[in-house]
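A.B. asks: Structure provided below as structure tokens; questions to follow.
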Amino acid sequence: MKTVVRIFLLGVLLLAVPAFAEDATPQVVIDKFAYAPTALTVAAGTKVTWVNKDDTPHTVVENNKKFRSAALDTGDSYSYTFTEPGTYHYFCTFHPKMVGTVTVTAKN
Amino acid sequence: MTDTLKDFSIDRRSALKCMAWAGTGVLWTLVGGVPRAFALDDAGAAAAMASGSSAFHFVQISDSHIGFNKLANPDTAKTLTQAVEKIKAMAVQPSLILHTGDITHLSKPEQFDTAAQILGGFSMPVHYVPGEHDTQDEGEGKLFLERYGKGTKGTGWYSFDDHGVHFVALINVLGFKPGSMTSLGADQLKWLADDLSAVSSSTPVVVFAHIPLWTIAESWGWGTEDAAQAMALLKRFGSVTVLNGHVHQVFQKVEGNISFYTARATAYPQPAPGTAPEPGPLTVPADQLGDYLGVRSIDTVTGTSKLSITDSKLSDKV
């Protein structure tokens, strides 16, 4: 009986993991006037999502405006797909002391 | 209850030194940094001024954040309306109104529309500068400028004269650089130098901008990186009043002839630096919100040589 359950669970995991990996986009949470994580590393082609959990609006703006969100109110999110490897510095145009980095590595 | 923050007096010699320009039958004098008009008689002597007849009175409102609807104030349109009603009920109607930015919360067209409806009923001119909440549209301030930018220079700065006072509107919400406080920028400072070069040192100057032009809390971005360069240009004037918003509470500082004031919001309070880990809306008991919001009057005190700044709370009885 135990073995059956184990095999069943393994099957669930095997099925679940690829599906999870496809859906998951790395998330940066904006909370208490900070991006968390502040530095994120992803492979080229990855979509990154920022979610604002503060009761103050924030933005996500690349230093050279390669990408730029609208004002994100509480609960709003913004996504950007990084296609080119490199280091992307971004900040909040409401609170320029808030800064973050996304490092994009070459596709595996 | 109102709290008069600071009275400025000026001694007789300074007042005489500041005596300004005799025009066609009117003599303007500066009393306490505010000019007063005297009719000239045929011999060119100044006639006695009718008591209170030339008192100049204007109002500052700030940070209405139309569109904000969180716990700290679920109805910012209502509190802005209360501020407008308070101004309309003033015994002496102001000659003009300054709005020192953050008219809207998220730079959305419908938020600008609502603000314009509430602020549209004044008979006197309302002069605006944007806050950083007004310049987050795709055009980075285009919506604000379409509505309020007529006749402005650069990213929206301008100056004008009223009752002998030189007013300067500065923009410090578009010079954001990552990791630092905001700035005015070289172009605007150059314009300011040019603009002021045509103004005599005895002319009172009122400078208004959204973010404080002195550093209140560097880590919160409550300051302007290159404000000192603007102040260097203003140093030679006998009376300079700097009016800002952004911090949603009253702070003041005097440096030589330059007096700095930040104003209460009409939307919601924010914590004082050092009392909270970060800025942002401060929720107070709903029945006390009016104690934290307000409008500011700037006027002459009739019969004395004083310019007085009075901050009143929305909860004050008129």
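A.B. asks: Using DSSP, restrict attention to beta bridges with both residues in region B:92-244 and report what percent are antiparallel, rounded to the nearest 5. Display every interim value, and only then the final one.
C.D. replies: Working: 7 of 19 bridges.
That works out to approximately 35 percent antiparallel.
A.B. asks: If you don't mind, another one. Which residues of region B:129-161 show a drop of at least 20 Å² in accessible area when all protein chains are present, compared with their chain alone (probe radius 1.4 Å, heavy atoms only, ligands and nucleic acids excluded)?
C.D. replies: Those are B:E132, B:H133, B:Q136, B:E140, which lose 20 Å² or more relative to the chain on its own.
A.B. asks: Quick one: if the Förster radius is 25 Å, what FRET efficiency do A:Q27 and B:D75 give, using the C-beta to C-beta distance and rounding to 0.05?
C.D. replies: 0.15
A.B. asks: Going Cα to Cα from A:K47, which aspartates and glutamates come in below 18 Å? Please leave out same-chain ones fewer than 8 positions away.
C.D. replies: A:E22, A:D23, A:E62, A:D76, A:E84
A.B. asks: Checking the a/c ratio against 1.5 first, then a/b against b/c, what shape does the Cα gyration tensor give for region A:25-105?
C.D. replies: prolate
A.B. asks: With a point put 7 Å past each Cα toward its Cβ, work out how far B:R236 is from B:S180 in nm, to one decimal.
C.D. replies: Modelled inter-label distance: 2.7 nm.
A.B. asks: Oh, and also: Under unit Cβ charges (Lys, Arg +1; Asp, Glu -1), what dipole magnitude, rounded to 20 debye, does region A:25-105 have relative to its Cα centre?
C.D. replies: Numbers: 7 positive and 7 negative charges, 39 e Å.
That gives region A:25-105 a dipole magnitude of about 180 debye.
A.B. asks: Ok, one more. Given a Förster distance of 51 angstrom, what is the FRET efficiency for B:T310 paired with A:K53, based on the Cβ-Cβ distance and rounded to 0.05?
C.D. replies: Efficiency at R0 = 51 Å is approximately 0.80.
A.B. asks: Quick one: 3J(HN,Hα) in Hz for region B:282-296, Karplus 6.51/-1.76/1.60 with θ = phi - 60°, rounded, Gly and Pro as x.
C.D. replies: Per residue, the Karplus-derived 3J(HN,Hα) values read 9, 8, 10, x, 3, 6, 10, 4, x, 6, 9, 10, x, 10, 10 Hz.
A.B. asks: Based on the alpha-carbon gyration tensor of region B:178-264 and its eigenvalue square roots a ≥ b ≥ c, which shape applies: rounded if a/c is under 1.5, prolate if not and a/b is larger than b/c, or oblate?
C.D. replies: Verdict is oblate for region B:178-264.
A.B. asks: What FRET efficiency, computed as 1/(1 + (r/R0)^6) with R0 = 25 Å and r the Cβ-Cβ distance, is obtained for B:T215 and B:D194, rounded to the nearest 0.05?
C.D. replies: Here the calculated transfer efficiency is 0.45.
A.B. asks: Let me ask something else about it. Taking a point 7 angstrom from the Cα of A:T74 along the C-beta vector, which residues in region B:54-77 have backbone N less than 16 Å away?
C.D. replies: Those under the cut-off are B:65-77.
A.B. asks: Please work out how much accessible surface B:T155 shows to a 1.4 Å probe, ignoring ligands, DNA and RNA, in Å² rounded to 10.
C.D. replies: About 60 Å², ignoring ligands and nucleic acids.
A.B. asks: Can you give me the Cα centroid spacing of region B:235-275 and region B:110-169 in angstrom?
C.D. replies: 20 Å
A.B. asks: Between B:A91 and B:A55, what length in nm is gained on full extension when 0.36 nm per residue of separation is reduced by their alpha carbon distance?
C.D. replies: So the chain would gain 11.7 nm between B:A91 and B:A55.
A.B. asks: Still on this structure, please answer the following. So what is the relative contact order for region B:174-318, in percent, with contacts set as C-alpha pairs under 8 Å and at least six apart?
C.D. replies: Here the relative contact order equals 16 percent.
A.B. asks: Let me ask another. For a paramagnetic label modelled at 7 Å from the Cα of B:D162 toward its Cβ, which residues of region B:115-156 fall within the zone defined by backbone nitrogen distances under 13 Å?
C.D. replies: The answer is B:122-129, whose backbone nitrogens lie closer than 13 Å to the label point.
A.B. asks: List, in order, the whole-Hz ³J(HN,Hα) value for each residue of region B:76-91 obtained from phi through the Karplus relation with A = 6.51, B = -1.76, C = 1.60 and θ = phi - 60°; use x for Gly and Pro.
C.D. replies: So the Karplus estimates, Gly and Pro as x, are 6, 5, 5, 5, 5, 4, 4, 5, 4, 5, 4, 5, 5, 8, 5, 4 Hz.
A.B. asks: Quick check for me: using +1 on Lys/Arg Cβ and -1 on Asp/Glu Cβ, what's the dipole size of region B:227-318 about its Cα centre, in debye to the nearest 20?
C.D. replies: I would put it at about 360 debye.
A.B. asks: Can I ask one more? Using Cα-Cα distances under 8 Å and only pairs 6 or more residues apart, what relative contact order does region B:77-176 have, in percent? Don't skip to the end; give the middle numbers.
C.D. replies: Working: 116 pairs, mean separation 24.5, N = 100.
Reported as a whole number, the value is 24 percent.
A.B. asks: With the crude spin-label approximation of a point 7 Å out along Cα→Cβ, what separation in nm comes out for B:E146 versus A:T103?
C.D. replies: About 4.3 nm, to one decimal.
A.B. asks: Further question: Please compute the net charge surrounding B:G151, taking Lys and Arg as +1 and Asp and Glu as -1 over other residues with Cβ under 14 Å from its Cβ.
C.D. replies: 0
A.B. asks: Something else: With the Cα gyration tensor of region B:58-297 giving a ≥ b ≥ c as the square roots of its eigenvalues, does the rule (a/c under 1.5 for rounded; else a/b larger than b/c for prolate; else oblate) give rounded, prolate or oblate? List each step's numbers first, then the result.
C.D. replies: Numbers: a/c = 1.41, a/b = 1.27, b/c = 1.11.
Taking the square roots of the gyration eigenvalues as a ≥ b ≥ c, region B:58-297 is rounded.
A.B. asks: What is the antiparallel percent of DSSP beta bridges lying wholly in region A:25-105, to the nearest 5?
C.D. replies: DSSP beta bridges in region A:25-105 are roughly 70 percent antiparallel.
A.B. asks: Now a separate question. Over all residues in B:175-186, what is the mean tally of Cβ atoms on other chains that come within 10 Å of each residue's Cβ?
C.D. replies: 3
A.B. asks: Still on this model: Nearest 100 Å², what total accessible surface is buried between chain B and chain A (probe 1.4 Å)?
C.D. replies: Result for this pair: about 1900 Å² buried.
A.B. asks: Still on this structure: Considering only protein heavy atoms and a probe of 1.4 Å, how much of the accessible area of region B:58-297 is carbon and sulfur, as a whole percent?
C.D. replies: 52 percent
The values are calculated or read from the model by the stated rules, or taken from the named source; none is laboratory data. This one's a predicted model, so the numbers in the text were calculated from it and none came from an experiment. All Cβ positions, even for glycine, are placed from backbone atoms using ideal geometry, and neighbour counts span all protein chains on display. Just the protein is used for accessible areas: all its heavy atoms, side chains included, with ligands, DNA and RNA removed. Shrake-Rupley method; radii C 1.70, N 1.55, O 1.52, S 1.80 Å.
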